[in-house]
Amino acid sequence: MARVAHQKDPKTWVRAAEIIRTHDDRIRFTWWGPAADGFELDEIQGSLSSDIQFAGSSKSPGEVLEAADVLFHSAVSEAQSIGLLEAASIGIPIVCSLRVSETLPASVPRTTFAGGDAESAATALLAVLAHYPDRCEDARLAAPVVRKDFSISRTTDAYENLLSEVTGARQ
């Protein structure tokens with residue numbers, strides 16, 4: 001779940017998905033999110049099977065995330081991904097690059113790959129799939145800590161408290 005942009009490395013996502021599907025053609029990949037302005041999605045999407053798709057925006061991102069089995073975040077780097085934190089807060093296994101992993105709290109379980117390397121990403125995804133019940137359990141057990149400390153609602157509460165402190169201090 002992210003906008004489709006060069007920064008998110010959709011070509012690595014597609015290539016890793018294609019590699020995975022050579023191992024198990026029952027696995028489907030769906031990228032939810034709008035294409036960034038100026039991004040030519042047709043270049044990537046043209047020859048894809050229906051089991052690897054860019055679905056566009058969703059009016060219910062929470063429902064999309066809850067329906068996911070794994071969050072595969074293909075970006076090489078990221079300042080801080082709210083989508084990853086939200087996935088972690090509901091117990092979804094995460095696969096992300098080493099550099100993106102460095103932005104996550106230690107409490108978030110994840111499987112990493114070398115950014116920009118589709119083979120490495122596919123290997124990480126296959127590792128999660130090979131131990132899927134264990135990876136789900138790890139993610140499920142970590143979710144309450146992530147929810148408590150890093151969810152959007154927690155962040156909103158923190159901003160509201162800060163706003164109250166700032167406006168209260170000025171009165």
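Is it the case that some residue within the range 141-159 is over 17 Å from the mean Cα position of the chain (by Cα), among the aromatic types (Phe, Trp, Tyr) and modelled with pLDDT under 95?
Yes, the range 141-159 has at least one match.
From the residues in the range 15-41 that are out of contact with any helix residue (DSSP H, G or I) (no Cβ under 6 Å at 6 or more places or on another chain) and part of a helix (DSSP H, G or I), which one is surrounded by the fewest Cβ atoms within 10 Å (Cβ to Cβ)?
That would be THR22.
Please work out which residue is farthest from ASP117 (Cα to Cα), limiting yourself to the range 42-59 and to residues that are touching a helix residue (DSSP H, G or I) at 6+ places or on another chain (Cβ under 9 Å) and in a loop (DSSP other than H, G, I, E, B).
Here the residue is SER58.
Would you check if SER57 is in contact with a Pro (Cβ under 8 Å, 6 or more places away or on another chain) and more than 24 Å from TYR132 (Cα to Cα)?
Yes.
Could we say that LEU85 is at pLDDT below 95, touching a Cys at 6+ places or on another chain (Cβ under 8 Å), open to solvent by less than 70 Å² (accessible area, probe 1.4 Å) and not β-branched (Val, Ile, Thr) here?
Criteria not met by LEU85.
Tell me the residue from LEU65, LEU85 that is farther than 19 Å from ALA17 by Cβ, in contact (Cβ under 8 Å) with a residue 40 or more places away in the chain and not in a loop (DSSP other than H, G, I, E, B), please.
Of the residues listed, the single one that is farther than 19 Å from ALA17 by Cβ, in contact (Cβ under 8 Å) with a residue 40 or more places away in the chain and not in a loop (DSSP other than H, G, I, E, B) is LEU85.
Checking SER74 against (1) more than 18 Å from the chain's Cα centre (by Cα); (2) surrounded by 17 or more Cβ atoms within 10 Å (Cβ to Cβ); (3) among the polar types (S, T, N, Q), which test does it fail?
Of the numbered conditions (1) more than 18 Å from the chain's Cα centre (by Cα); (2) surrounded by 17 or more Cβ atoms within 10 Å (Cβ to Cβ); (3) among the polar types (S, T, N, Q), the odd one out for SER74 is (1).
Residues that are in contact (Cβ under 8 Å) with a residue 12 or more places away in the chain and open to solvent by 90 Å² or more (accessible area, probe 1.4 Å): find the helices (runs of 4 or more DSSP H) completely inside the range 114-171 holding 2 or more of those.
Of the helices (runs of 4 or more DSSP H) lying wholly inside the range 114-171, those with at least 2 residues that are in contact (Cβ under 8 Å) with a residue 12 or more places away in the chain and open to solvent by 90 Å² or more (accessible area, probe 1.4 Å) span 132-150.
The values are calculated or read from the model by the stated rules, or taken from the named source; none is laboratory data. The model shown is predicted, which means the values in this text are computed figures rather than measured ones. Note that each Cβ is placed from the backbone with ideal geometry, even for glycine, and that neighbours are counted across all protein chains shown. Each accessible area value is taken on the protein alone, full model and side chains, heavy atoms only, with ligands, DNA and RNA left out. Shrake-Rupley method; radii C 1.70, N 1.55, O 1.52, S 1.80 Å.
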